[in-house]
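The values are calculated or read from the model by the stated rules, or taken from the named source; none is laboratory data. Nothing here was measured: the structure is a model prediction, and the numbers come from that model. Heads up, the Cβs are rebuilt from the backbone with ideal geometry, glycines too, and the neighbour counts pull from every protein chain shown.
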Amino acid sequence: MNRVCISLGGTAATSVTVVSSTSITATTPAHAAGAVNVVVTNTDTKSGTLTNGYTYSSGSGGTISFVQANTGPSTVQSSNTSVSVTYSSAQTAGDLNIVVIGWGDTTSSIGWVFDTQGNTYQRAVGPTATTGLQQSIYYAKNIAGGSNTVSVTFNQAAAYPDVRILEYRGADPTNPLDITAAAVGTGTSANSGSATTTLANELIFGAGTTKGKFSAAGTGFTSRVLNIFGNIAEDKTVTSSGSYNTTATTSSANWIMQMATFSSVRISRIRMHEVTSPVVGYRYASLTQGQGTTTSVVNSVGGPTSGAVNEDRGRSATGLDFPTARCSCDHLWASDYECVGQGVRDYLQLWDAGNAA
């Protein structure tokens, strides 16, 4: 049993470990919401299938939190072909990086955004342009941990370029970006325009570049960067989907304001399913949301004859029967568990028919 294979919805689980003769652990693959079959296959190719035994479902998720920010260059420079900015503290693996680039012309363009950890950056929004200004927002998901410097290169010397880098924790490691908006204007109130989020718990991130100087974040937002170029980065978190925009106060001058929203880690919940042949035995557990573990488990092939399942934050189901008939296949399993995010460690239970009464 050293090379047991587990698949969920036709996709192989990873990090499969045989804990004992009655238990294995594995890391679930990402999958769209819905019920999937779980198949456990032994090295002799014999397998057991639990139809619709694992249910992926998108929950509201947790909260994204700000970690750190920095900006550069440290002095105003009239032109540069590249700008590098270092995070003050070592970064944590799995976090989200957001990079804002603003510059003072409409003829140069961004060539490359990269860092010393080898993270991959994607453009969230931009370039947005107005007279004598451009701005773009990039992000890197599920980053590598450690000391890190972010660099931005341009296709030619860009006028007055500045780079704002920010780290956040708790973002969805797979598909964090939800929606974006951008607008340009003049006057003292910069506004990105509105867009409607699709999930409940999200980070609303805003950034502005101006010919003048930003002085304050918008109502409800926290200013994370307000640099020597007069440019801003701000954020707030929300707990319900809806229409959002970013605003900030600036001097009466041309401005660009952009918004990008990022979703938090989605909760995948595994619900109890009645176990039928070829599975022998039920299992019931007291679950703790977000831990990815079961706090108490009873495995049975010969009894008890009933139990309780705490499911969906305490909703109780009772009267589960535990059949005692021997099953025809060699390896049998049943599971119910709960996890935060797709791809975290969950628990599968494997029974050997030889233990059946």
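Just name the residue that is farthest from the chain's Cα centre (by Cα) out of those in the range 127-145 that are among the small types (Gly, Ala, Ser) and surrounded by 22 or more Cβ atoms within 10 Å (Cβ to Cβ).
Within the range 127-145, the subset among the small types (Gly, Ala, Ser) is 129, 132, 136, 140, 144-145.
Subsequent filtering for residues that are surrounded by 22 or more Cβ atoms within 10 Å (Cβ to Cβ) retains 136, 140.
Details: SER136: 22, ALA140: 11 Å.
Only one residue tops the list, namely SER136.
Suppose the filter is crowded, with 16+ Cβ neighbours inside 10 Å, modelled with pLDDT under 75 and either of a type in the set (Lys, Arg) or within 26 Å of ALA171 (Cβ to Cβ) (or both); does GLY59 pass it? Write out each step before concluding.
Working: crowded, with 16+ Cβ neighbours inside 10 Å: yes; modelled with pLDDT under 75: yes; either of a type in the set (Lys, Arg) or within 26 Å of ALA171 (Cβ to Cβ) (or both): yes.
In short, yes.
Does any residue of the range 151-166 turn out to be touching a residue at least 24 places away in the same chain (Cβ under 8 Å) and within 21 Å of the chain's Cα centre (by Cα)?
Going through the range 151-166, the residues touching a residue at least 24 places away in the same chain (Cβ under 8 Å) turn out to be 151-166.
Right, trim to within 21 Å of the chain's Cα centre (by Cα) and you get 165-166.
Yes - at least one qualifying residue is present in the range 151-166.
Does the range 146-176 hold any residues that are in a loop (DSSP other than H, G, I, E, B) and either modelled with pLDDT of 95 or more or surrounded by 21 or more Cβ atoms within 10 Å (Cβ to Cβ) (or both), and which are they?
So in the range 146-176, the residues in a loop (DSSP other than H, G, I, E, B) come out as 147-148, 160-161, 170, 172-176.
SER147, ASN148, TYR160, PRO161, GLY170, ASP172, PRO176 - these are the residues of the range 146-176 that are in a loop (DSSP other than H, G, I, E, B) and either modelled with pLDDT of 95 or more or surrounded by 21 or more Cβ atoms within 10 Å (Cβ to Cβ) (or both).
What's the number of the only condition in (1) under 27 Å from VAL238 (Cα atoms); (2) outside any loop (DSSP other than H, G, I, E, B) that ILE143 fails to meet?
Here ILE143 meets the rest and fails (2).
Can you name every residue in the range 99-141 that is touching a Pro at 6+ places or on another chain (Cβ under 9 Å), farther than 19 Å from ARG224 by Cβ and among the small types (Gly, Ala, Ser)?
Matches in the range 99-141: GLY104, SER108, SER109.
Residues that are touching a Ser or Thr at 6+ places or on another chain (Cβ under 9 Å), under 30 Å from VAL16 (Cα atoms) and not small (Gly, Ala, Ser), at least 2 per element: which strands (runs of 3 or more DSSP E) completely within the range 35-140 meet that? Lay out the reasoning, then the answer.
Values: elements: 47-56, 65-72, 79-86, 96-103, 110-115, 122-130, 133-140.
Output list reads 47-56.
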